[in-house]
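First the structure, in the form of structure tokens, and then the observations on it.
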Amino acid sequence: MKKLLLSMIVLASLVSCGKDNKVSSTNSTLNYSNPYLSGNTQAQTYAQTLIAQINSYSSNFGNGVISSGSSNQTCDTKWGIFYYCYTSSSGSSGTTTTWNSIVASTPTITYQYSNGVTVRHSDVNIASKQSELISILNAATNVQVQAMSGGNVYYITVSGAYYVIDTRYPIQANPSGVQSSSGTRYFVRAI
């Protein structure tokens, strides 16, 4: 209960800071402290790597390639829940561009999720999003990573839920997948 209250206070203070999607360079680095991962050094290393990526999101998220007309697609299912398709960077045909390039040219792009929820990229408060992702890591009981072309996909287990944080997508689209008692939601497409 104390953690929930503290999380709500932190989130409320971040929301009250405004909605300009900018993180001041004078802000302190977001921290992570997770006692559940202390016995699992590999999971702890993955979590610390993800924290560094969240803190430097502009260079670490959104570098995944969007490919049109490629036949080099590989699809995967994690936990029997999340279904992902990705394109190999080698041998692909058609046109390619990164998520960051798309967002730079169309900042009002909207992310659509499997449950019908839509989120406009330009409406996401970065500081709140960073805090949300770090709070997921602070509650993690396990963290796994899958290296992909253009970024890593982190599979995070928390008590009663599973999260996917996919650094190939912009930070604003994450977590790209969630499965909990409330249902399942995963990133489907940008519109």
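The values are calculated or read from the model by the stated rules, or taken from the named source; none is laboratory data. No experiment lies behind these values; they were computed from the predicted model shown. All Cβ positions, glycine included, derive from the backbone under ideal geometry; neighbour counts span all protein chains shown. Please note that ligands, DNA and RNA were not included when accessible areas were found on the heavy atoms of the full protein model with its side chains. Shrake-Rupley method; radii C 1.70, N 1.55, O 1.52, S 1.80 Å.
Odds and ends about this structure:
- Counted residues, segment 162-181 - those being open to solvent by 10 Å² or more (accessible area, probe 1.4 Å) and in a strand (DSSP E or B): 5
- Flag for Gln172 being in contact with a His (Cβ under 8 Å, 6 or more places away or on another chain) and in contact (Cβ under 8 Å) with a residue 40 or more places away in the chain: yes
- Which numbered condition Ile134 misses (of (1) outside any strand (DSSP E or B); (2) touching a residue at least 60 places away in the same chain (Cβ under 8 Å); (3) surrounded by fewer than 15 Cβ atoms within 10 Å (Cβ to Cβ)): (3)
- Flag for Asn100 being at pLDDT below 95, closer than 17 Å to Arg189 by Cα and in contact with a Pro (Cβ under 9 Å, 6 or more places away or on another chain): yes
- Filter result (of a type in the set (S, T, N, Q) and within 13 Å of Ser131 (Cα to Cα)) within segment 41-52: none
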